[in-house]
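Structure record follows, encoded as structure tokens.
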Amino acid sequence: MQGCLTLGRYAGIKVSVHWTFLILPLWIAAAGYYRGYTPDTVLWNLLLIFTVFGCVTLHEFGHALTAKKFKFKTKDIILLPIGGVARMEMIPENPRQEFLVAIAGPAVNFVIAAVLYTITGIFDQKPVITTGLVPSQENFLYLLALVNLFIGAFNLIPAFPMDGGRILRALLAYKLSRTTATKIASHIGQLIAVLFIFTGFLYNLFLIVIGVFIFLGARSEWFVEHSRFILRDYKVSDILMHQFHQLGLEQTLEEAAAYILNSSARNFLIMENNKVVGTLSRSELTSALSVMESSTPVQDIMNQEFLILDPDMPLTEIYNIRKQPLNAETVMPVIQNDRLLGVLDIENISEFIKIRHAVLKKENHLVSG
Ligand SMILES: [Zn+2]
């Protein structure tokens, strides 16, 4: 992800922090100043936030290392101000594996909380009632234990994108198909989201933000699963585009722009000796034109880390490959035995999904009507 700083690596998994994370310490320092906290209290607050994010990292490692046991790779763990994300290349579809991978994260927080409670018991560090929720040397470990309990419990809410959503889906998938399980889990998630929003209007506006976040998460999970369901019987060769636009390495941005204006081209394959060496999308071209000379050759800006597809590859696998973020601009050449057969882009796939969705809807309607 762009704008990330790598902190380190463990078990082949990179841990990085997104620049927006800086908002947190700045916000704490500003809030401390505004509320007239002593520098000591501000420091304890900062220490608490950094330690909590250490625990969030361990939570993500809980997911990643359990996934590793089942041979699922995690590309990296990214820390954002709202929490952490372990970006897995593939998500286990076996209910038992998905259940264990999902529950491992909250389990880490509960273990941390239990250990901290034991320690605070030994040091009798429980004056949280007298000192309130403002962190200090006296209640630090106790507060850290409380926060871990909260993180564990919050993640168990049975709604996507929380771990609880995946746990619920995995449990339902023991008896139902994955698609039906996702549909039910997504509906339950949306219901919970509406409850959050409703309660938020009555008590705390922050709950509305969480509600909207859950609502969108539930919907997008259903969308991905539904797309997977629609695509499951098709291969890359079924929808690849045989018409595509090629450019030579030395051709300029200006020439590429002229192609876009004169034709239906929305992206290009960059060729050298009849081999694909790069791809170029419309938005990559326009953003380059805004900062570079129009006489710049396309080889200076082309994307060299493109994905090559095999015509026999099932379409659902494209969704499983998470090595690179897929977006509407992603262009993928389809090659077999060194022969270029065509290209596939995400826009193409989503159009196919829309068409199949409409056809399925009509068929269902005819059956039920
Ligand atoms: Zn988690």
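Residues in the range 83-122 that are in a loop (DSSP other than H, G, I, E, B), touching a residue at least 60 places away in the same chain (Cβ under 8 Å) and surrounded by fewer than 14 Cβ atoms within 10 Å (Cβ to Cβ): E89, E93. A single member of L24, L100, L58 is within 15 Å of the ligand (Cβ to nearest atom) and under 17 Å from I151 (Cβ atoms), and it is L58. Here the condition is being assigned to a helix (DSSP H, G or I), buried (at least 17 other Cβ atoms within 10 Å of the Cβ) and more than 22 Å from the chain's Cα centre (by Cα); of F196, F229, F201, F215, it holds for F196 alone.
For every residue, the table says whether it meets (1) assigned by TED's automatic domain parsing to the domain that holds Q137; (2) under 27 Å from A102 (Cβ atoms); (3) loosely packed, with under 12 Cβ neighbours inside 10 Å.
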| position | (1), (2), (3) |
| --- | --- |
| C4 | yes, yes, no |
| L7 | yes, yes, no |
| A11 | yes, yes, yes |
| V15 | yes, yes, no |
| P25 | yes, no, no |
| I28 | yes, no, no |
| R35 | yes, no, yes |
| V52 | yes, yes, no |
| A64 | yes, yes, no |
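Of F215, F244, all but one fail to be in the same structural domain as D345 (by TED's automatic domain parsing) and either within 30 Å of I355 (Cα to Cα) or not aromatic (F, W, Y) (or both); the exception is F244.
Of all residues in the range 201-255, those being in contact with a His (Cβ under 9 Å, 6 or more places away or on another chain) and among the hydrophobic types (A, V, I, L, M, F, W, C) number 3.
Residues checked against (1) under 25 Å from E93 (Cβ atoms); (2) at pLDDT below 80; (3) in a loop (DSSP other than H, G, I, E, B):
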residue: E317; (1), (2), (3): yes, yes, no
residue: P333; (1), (2), (3): no, no, no
residue: I349; (1), (2), (3): yes, no, no
residue: F352; (1), (2), (3): yes, no, no
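Among the residues in the range 8-20, are any over 23 Å from A104 (Cβ atoms), assigned to a helix (DSSP H, G or I) and either within 16 Å of the ligand (Cβ to nearest atom) or not aromatic (F, W, Y) (or both)? Yes, there is a match, as at least one residue in the range 8-20 is over 23 Å from A104 (Cβ atoms), assigned to a helix (DSSP H, G or I) and either within 16 Å of the ligand (Cβ to nearest atom) or not aromatic (F, W, Y) (or both). Scanning the range 152-188 for residues that are more than 10 Å from the ligand (Cβ to nearest atom), not aromatic (F, W, Y) and not in a helix (DSSP H, G or I) yields I157, P158, A159, K175, L176, S177.
Evaluate the following for Y142: is it modelled with pLDDT of 90 or more and more than 18 Å from the chain's Cα centre (by Cα)? No. Scanning the range 265-274 for residues that are in a strand (DSSP E or B) and either in contact (Cβ under 8 Å) with a residue 60 or more places away in the chain or surrounded by 20 or more Cβ atoms within 10 Å (Cβ to Cβ) (or both) returns N267, F268, L269, I270.
Among the residues of the range 68-96, just one is among the polar types (S, T, N, Q) and within 15 Å of the ligand (Cβ to nearest atom), namely T74. Can you confirm whether W44 is surrounded by 12 or more Cβ atoms within 10 Å (Cβ to Cβ), touching a residue at least 12 places away in the same chain (Cβ under 8 Å), under 26 Å from F150 (Cα atoms) and of a type outside the set (S, T, N, Q)? In short, yes. Inspect all residues belonging to the range 237-249 and state whether any of them is of a type outside the set (S, T, Y), part of a helix (DSSP H, G or I), closer than 19 Å to N348 by Cα and touching a residue at least 60 places away in the same chain (Cβ under 8 Å). Yes - at least one qualifying residue is present in the range 237-249.
The values are calculated or read from the model by the stated rules, or taken from the named source; none is laboratory data. This one's a predicted model, so the numbers in the text were calculated from it and none came from an experiment. Quick reminder, even Gly has a Cβ in these numbers, built from the backbone with ideal geometry, and neighbours come from all protein chains shown.
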